[in-house]
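For reference, the structure discussed in these notes is given below.
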Amino acid sequence: MNRAVLIRQTTYDVEALEKAVDRLFSAFDFYERISPGTEVVIKPNLVMRSAPEEAIITHPNLVAAAALCLQKRGARVLVAESGGGLYNPSVMKSVFRGCGYTAAAEKYGFSLYTACLSQPVELTRGVRCGTLSVLEPFVQPRQSLVVNMAKLKTHGMMGYSGAVKNLFGTVPGLMKPELHCRYPEKEPFAEMLVDLCDYIQADFSIIDGIEAMEGDGPTGGQKRFVGALIGAQSPYAADLAGAAVIGMQPEEILMLKNAVARGLCDDAPVTLEGDPLESVQVPDFKRARSSDVDFLTRVPKPLRPLAKKITTPYPRIRRKDCVGCGKCAESCPQHTIVVRDHKAQIDYGRCIRCFCCHEMCPKHVIDIRRFSIFNL
Ligand code: SF4
Ligand code: SF4
């Protein structure tokens, strides 16, 4: 059953969050799975080094609150994640520090995974993807439990980023661009994300929608106060609830569409418990400019390839604001960005519109553009 619990939560105060997370875990009897010494691996969204108030990352106070709940039941808590770009101990230490996780870990007694080891794994039930690598704490079979803690955001390529998309961060750094290259189109990419989600088998999912990101997420949009905290056993149910909060239809989210088609997610509306949906719903939540699904479905089929070519958004660098750091080039799966004279430049001939560059630019100077007539 698609069951999720929704809590109206207005602050990132750790004490208040601890009570809220306790309600989420209790509603699903999650504590029954914890005994003294159980290891719980928390997977937050730390797509890039960013201050918590920018609403790009899962807030460290929320992770701290979950850690406190679990540690009180005797669990050992480890936080593991790989953002975009390079994945090594010095990068991850810097990301954890810059995101406020190092200070939170010291204060609340949880551990951060900085060994940065990963392993190739087989996705035996994979429909699109048979092999990839994942960070060691997520490799199956495992004794530990996984708590998936996502951020509620729009997403340039996939339209929506929540619980299922968050698990892409279990894939180490530069393997992500490789997967973008293997699956450059949205549908196969979504299938791969569902394959990965099915492999990881997260034991609980929480979505931080207190301060969400609308517009051109997951890193370049605008912060939007929503005041929603979502919990569910199933990542698909959590995403159905996230979609309901921001006024998206489940069929707009390719990962959900695919999970329903495979029978991993019930083809039924989500059953929401807790606070009323109306207390947190933001139907005017701004979509990512790259969402073209609605428009294309209204174009006659024979004209769709041409329409798609014209309407597909593209990344555009604001050259005067570019500082030449090269993070975009590092993340580009097609190696189609070069930095010359401290300014990045895209060769559009090879660009697959994955928007990894947009996602990883620390200065947010890569816009998502489309032909102006479609902005009307
Ligand atoms: S990541 Fe951004 S600032 Fe850095 S080189 Fe690329 S466009 Fe310029
Ligand atoms: S230029 Fe940007 S959008 Fe194009 S392939 Fe490279 S990372 Fe993806």
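The values are calculated or read from the model by the stated rules, or taken from the named source; none is laboratory data. If you're wondering where the values come from, they're calculated on a predicted model, not measured in any experiment. So basically every Cβ, Gly included, is an ideal-geometry build from the backbone, and we count neighbours across all protein chains shown. For accessibility, only protein heavy atoms count, side chains too; no ligands or nucleic acids. Shrake-Rupley method; radii C 1.70, N 1.55, O 1.52, S 1.80 Å.
Would you check which residues across the stretch 250-262 are open to solvent by 60 Å² or more (accessible area, probe 1.4 Å) and either of a type outside the set (Lys, Arg) or closer than 20 Å to residue 24 by Cα (or both) and list them?
Step one: of the stretch 250-262, the residues open to solvent by 60 Å² or more (accessible area, probe 1.4 Å) are 251, 257, 261-262.
Of everything in the stretch 250-262, those that are open to solvent by 60 Å² or more (accessible area, probe 1.4 Å) and either of a type outside the set (Lys, Arg) or closer than 20 Å to residue 24 by Cα (or both) turn out to be 251, 261.
Scanning the stretch 13-29 for residues that are closer than 19 Å to residue 162 by Cβ and open to solvent by less than 30 Å² (accessible area, probe 1.4 Å) gives 17, 20, 21, 24, 25, 28.
Just one of 138, 189, 168 is open to solvent by less than 20 Å² (accessible area, probe 1.4 Å) and over 30 Å from residue 287 (Cβ atoms); which is it?
Numbers: 189 fails: over 30 Å from residue 287 (Cβ atoms); 168 fails: over 30 Å from residue 287 (Cβ atoms).
Step by step, each of 138, 189, 168 is checked, and only 138 is open to solvent by less than 20 Å² (accessible area, probe 1.4 Å) and over 30 Å from residue 287 (Cβ atoms).
In this structure, is residue 370 open to solvent by 70 Å² or more (accessible area, probe 1.4 Å), over 20 Å from the mean Cα position of the chain (by Cα) and modelled with pLDDT under 80?
Working: open to solvent by 70 Å² or more (accessible area, probe 1.4 Å): no; over 20 Å from the mean Cα position of the chain (by Cα): yes; modelled with pLDDT under 80: yes.
Considered against the rule, which asks whether it is open to solvent by 70 Å² or more (accessible area, probe 1.4 Å), over 20 Å from the mean Cα position of the chain (by Cα) and modelled with pLDDT under 80, residue 370 comes out as no.
Only residues that are modelled with pLDDT of 95 or more and outside any strand (DSSP E or B) were counted across the stretch 159-185, and they come to 11.
Does residue 179 meet the test of being within 16 Å of ligand 2 (Cβ to nearest atom) and open to solvent by 30 Å² or more (accessible area, probe 1.4 Å)? If you could, list the steps in order and put the result at the bottom.
Values: within 16 Å of ligand 2 (Cβ to nearest atom): yes; open to solvent by 30 Å² or more (accessible area, probe 1.4 Å): no.
Considered against the rule, which asks whether it is within 16 Å of ligand 2 (Cβ to nearest atom) and open to solvent by 30 Å² or more (accessible area, probe 1.4 Å), residue 179 comes out as no.
When residue 92 is tested against (1) more than 20 Å from residue 56 (Cβ to Cβ); (2) open to solvent by less than 20 Å² (accessible area, probe 1.4 Å), just one condition goes unmet, and that condition is (1). Out of 77, 47, one residue alone is farther than 21 Å from residue 226 by Cβ and open to solvent by less than 20 Å² (accessible area, probe 1.4 Å). It is 77.
Quick one: in the stretch 340-357, of everything that is buried (at least 17 other Cβ atoms within 10 Å of the Cβ) and within 12 Å of ligand 1 (Cβ to nearest atom), which residue is farthest from residue 178 (Cα to Cα)? Looking at the filtered set, the residue picked out is 344.
Here's a check for you: in the stretch 314-338, which residue that is open to solvent by 60 Å² or more (accessible area, probe 1.4 Å) and outside any loop (DSSP other than H, G, I, E, B) is farthest from ligand 2 (Cβ to nearest atom)? Top of the filtered list is 320.
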